[in-house]
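Engineer: Sharing a structure here in structure tokens format.
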Amino acid sequence: MESIRENWTAIKETIKREYDLTDISYRTWVEPLALYNADNHIVSIIIPEEQSHMIDYISSRYKSFFQVTITEMLEEDYDIKFVQEKDVIKEMQKDNLPAENDPSNHINSENANLNPKYKFDTFVVGSSNKFAHSASLAVAESPGLTYNPLYLYGGPGLGKTHLMHSIGHFIMEQNPDKKVLYVTSEEFTNEVIESIRSGNAASMTKLREKYRTVDVLMVDDVQFIIGKESTQEEFFHTFNVLHSARKQIILSSDKPPKEIETLDERFRSRFEWGLIADIQPPDYETRMAILRKNAEHSIHPIDEEIIKYIATNIKSNIRELEGAFNKVAAAGKLNKVDLTLAVAEEALKDVIYPNKAREITPALIINVVSEHFGVRPEDITSKKRNSEFVLPRQIVMYLCRELTDTSYMNIGKLLGKKDHTTIIHGVNKITAEIQTNEDLKNKVDIIIKKINPS
Ligand SMILES: Nc1ncnc2c1ncn2[C@@H]1O[C@H](COP(=O)(O)OP(=O)(O)OP(=O)(O)O)[C@@H](O)[C@H]1O
């Protein structure tokens, strides 16, 4: 930092000379720029208040000039960030508050957003996920130093989130001072949208503080960020800042970068900088091992015969495998009967359709929406009027009309015997709201992609 400060005028004069700037350009754009700070190889440059409306222009035209000149003069890589004078003033005022008032100091295991159940020791390793598991462990052992970013991809419910959380727990157990943050793309998108909507520079600064000061950032289902312009842009800069500061980035997606058609080149190349590891659907042995592990924790013993039946019939998704197991266990408990193969077959008759392609049905929509909102499907199809069930239920109404041919009357029957006018109202409400409410539109888009990933 000190050497940049000492050479600040020389840096600007070098830029004038090397890039052949006219006197007027130099005096107008470059000379008034002041150095704010240089941390983690990021040089922050203050744009004076009277030039604040030109920040995009100054950044696009002069950023690379500063980057190249500083990097060459100091023989170290630097990234450049332009900041508004008024934001710097606010930042300085904030810095005068006691440190504990700063929320970014409180990222610990709770607000790292990690599920305590998703750890390496609960993750069953088999041939389908061995590579992704080893890569994850290597990253957990030396974050920021081996593979950066780590990009995990695979179909739904195959353990990407479980592995990401395992890395987070491992790092924090080894070093509780590390700031680890897990976020879904949906949460990230909503935060960016919220900051932009508030039109408040301080809110954007806070968001950047939150994401750009961590040691490990994990973004789940990154494909949902791609194509959303302002979110994508914010993510791009966050990625650059963290990566150039050697902070670990872990991403998950349903596809490898080269198969995401809408991914532009700057993301593709960055995603490929580190290591790309895929997770395939589990083989029979792995499915059996996962089910046996579940059975160990079950209060009621579950026969090996039943475990084999589930492992044979549910092949492509571990979430569905666990769901089937839970359904069978619940059937035994609820009906107070011995858990025989016949009971298991009956419990799974709606789940197991041998050789049948995934069809979009109201039942599938209800399952995906309830999982997305963290509520039970029975709550969505019940008559309960609790506020947390109303929005998911209305989204189900809307999606049943958008994605299936189900009539209003039949949707009503599925959703707690509701009258068809209630369904029409729900569908119209969501149709109108997604025109103006970007959060909701984002939510609905993500749910549609989960229902129909193709
Ligand atoms: N190898 C494994 N061993 C034990 N449990 C697993 C394994 N893989 C996945 N699971 C379990 O399966 C469920 C789904 O896994 P997870 O949420 O990690 O999938 P995902 O790949 O992130 O899915 P999506 O892309 O839909 O978000 C979780 O309950 C997880 O604990």
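Engineer: Find the residue count for segment 41-66, including only residues that are touching a Leu at 6+ places or on another chain (Cβ under 9 Å) and open to solvent by 20 Å² or more (accessible area, probe 1.4 Å).
Structural biologist: Matching residues across segment 41-66 total 3.
Engineer: If you don't mind, there's one more thing I want to ask. Considering each residue of segment 403-412, count those that are free of Cβ contacts under 8 Å to residues at least 24 places away in the same chain and crowded, with 16+ Cβ neighbours inside 10 Å, and give that number.
Structural biologist: Total satisfying the criteria: 2.
Engineer: Answer yes if at least one residue in segment 260-269 is on the phi > 0 side of the Ramachandran plot and within 17 Å of the chain's Cα centre (by Cα), and no otherwise.
Structural biologist: no
Engineer: Within segment 414-421, does at least one residue satisfy the condition of being open to solvent by 40 Å² or more (accessible area, probe 1.4 Å), part of a helix (DSSP H, G or I) and within 16 Å of the ligand (Cβ to nearest atom)?
Structural biologist: no
Engineer: If you don't mind, another one. Out of everything in segment 249-265 that is over 11 Å from Q223 (Cα atoms) and surrounded by 12 or more Cβ atoms within 10 Å (Cβ to Cβ), what residue ends up being nearest to the ligand (Cβ to nearest atom)?
Structural biologist: Per the criteria, the residue is I250.
Engineer: Determine the pairs where a residue that is at pLDDT below 85, located within segment 353-381, has a partner that is of a type in the set (A, V, I, L, M) and surrounded by 18 or more Cβ atoms within 10 Å (Cβ to Cβ) with Cβ atoms under 8 Å apart, the partner being 6 or more residues away or on another chain.
Structural biologist: none
Engineer: From the list K206, K179, K228, which residue is assigned by the TED database to the domain that holds A135, at pLDDT 90 or above and basic (K, R)?
Structural biologist: Within the list K206, K179, K228, the selection yields K179.
Engineer: I'd like to verify a number: residues in segment 128-158 that are within 12 Å of the ligand (Cβ to nearest atom), open to solvent by less than 20 Å² (accessible area, probe 1.4 Å) and within 21 Å of N113 (Cα to Cα), how many?
Structural biologist: Within segment 128-158, residues that are within 12 Å of the ligand (Cβ to nearest atom), open to solvent by less than 20 Å² (accessible area, probe 1.4 Å) and within 21 Å of N113 (Cα to Cα) number 4.
Engineer: Determine whether L414 is within 29 Å of Y309 (Cβ to Cβ) and of a type in the set (A, V, I, L, M).
Structural biologist: It is true that L414 is within 29 Å of Y309 (Cβ to Cβ) and of a type in the set (A, V, I, L, M).
The values are calculated or read from the model by the stated rules, or taken from the named source; none is laboratory data. Given the structure is predicted, the values throughout are model-derived calculations rather than measurements. Cβ sites come from the backbone with ideal geometry, for glycine too, and all protein chains shown count toward neighbours. When the accessible area is computed, the model is the full protein with side chains, heavy atoms only, and any ligands, DNA or RNA have been set aside. Shrake-Rupley method; radii C 1.70, N 1.55, O 1.52, S 1.80 Å.
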